[in-house]
Amino acid sequence: GPGIVLAASGFYKQIPNPIELISFGVSNRRFIQPVNYPRGKVTGIELEARSSLRWIHASLEGLAVGANYAAIQSEAEVPGFEQASLAPYQLDEPTHRLLGQPDSIWNLNLTFDSARSGTSAGVFYNFTGESLLTGAARGVEDAVPNVFQEPLKSLDVTLAQRLGRRFTIGFKGKNLTTPSPRTLYRTPSGQESVKTEREAARLLGVSLSWAW
């Protein structure tokens, strides 16, 4: 029906010579270098649903809900010479995740839009699964394990109200749950240690716009 979307998709992609970032140590300092790995691939499914809620009751005119989910598997083939250099440190593995590719993504939203009153608002929740930041590599003295970004969650809200025919006042709130993102060192055997942890900022904004 009008305003209703239901979709299911699958995808598969082969990537020749993907650009990966590796991290290694020299003289007690950490360096990051881009390199080309032989090949990579990514597969997954995506589900999406979006619907106006007017079909429940006429009083819900302008209210809509939506959801999107993606489950993703990816891998990049680690070159043989890289595996050999990491073997003495038990950090060798034939493949690892593609750089920056999360294993899952969730998006949920609830929106309201009324042309008659000039009001629009929305609540948006996003979950981005774990992703690889840098691959393992050997430096002069030692080797550095894979570095992963822990799952990220965010809650955002927006509100806009038309004032007369030309002015609109708006409010935006981003990262309202103020998560504490962490990055982790992780070995192929599953051993972990925290690399970084920081507080995320809550961002609030008010705007006034004029259209002519």
*Just the number, please: carbon plus sulfur as a percent of the accessible area of the chain, 1.4 Å probe, no ligands or DNA/RNA counted.*
57 percent
*Would you kindly calculate the translational diffusion coefficient of the range 102-212, applying Stokes-Einstein with the Kirkwood radius from alpha carbon pairs, for 37 °C and a viscosity of 0.692 mPa s, and quote it in µm² s⁻¹ without decimals?*
192 µm²/s
*Would you please report the Å³ per residue occupied by the convex hull of the alpha carbon atoms in the range 50-154?*
120 Å³
*Backbone HN-Hα couplings from phi across the range 80-95 [Karplus 6.51/-1.76/1.60, Hz, Gly and Pro as x]*: x, 5, 5, 4, 5, 6, 8, 4, x, 9, 6, 10, 7, 7, x, 9
*So what J values fall out for the range 154-170 if you push phi through Karplus, 6.51 cos²θ - 1.76 cosθ + 1.60 with θ = phi - 60°, rounded to Hz, Gly and Pro as x?*
9, 10, 10, 9, 9, 8, 9, 9, 6, 10, x, 9, 10, 9, 9, 9, x
*asked:* I'd like the Karplus ³J(HN,Hα) series for the range 17-22: coefficients 6.51, -1.76, 1.60, θ = phi - 60°, whole numbers in Hz, and an x wherever there's a Gly or Pro.
replied: 6, x, 8, 10, 9, 10
*Can you list residues whose amide H is under 5 Å from THR134's amide H, if they're 5+ apart or on another chain and H is modeled 1.01 Å from N?*
VAL147
*Based only on Cα atoms, what Rg/Rh ratio does the chain have, Rh being taken as Kirkwood's radius?*
1.11
*What whole-number value in Å² describes the accessible area per residue of the range 60-212 for a 1.4 Å probe?*
58 Å²
*Using the alpha-carbon centroid of each, what span in Å lies between the range 1-37 and the range 101-138?*
18 Å
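The values are calculated or read from the model by the stated rules, or taken from the named source; none is laboratory data. Given the structure is predicted, the values throughout are model-derived calculations rather than measurements. Just the protein is used for accessible areas: all its heavy atoms, side chains included, with ligands, DNA and RNA removed. Shrake-Rupley method; radii C 1.70, N 1.55, O 1.52, S 1.80 Å.
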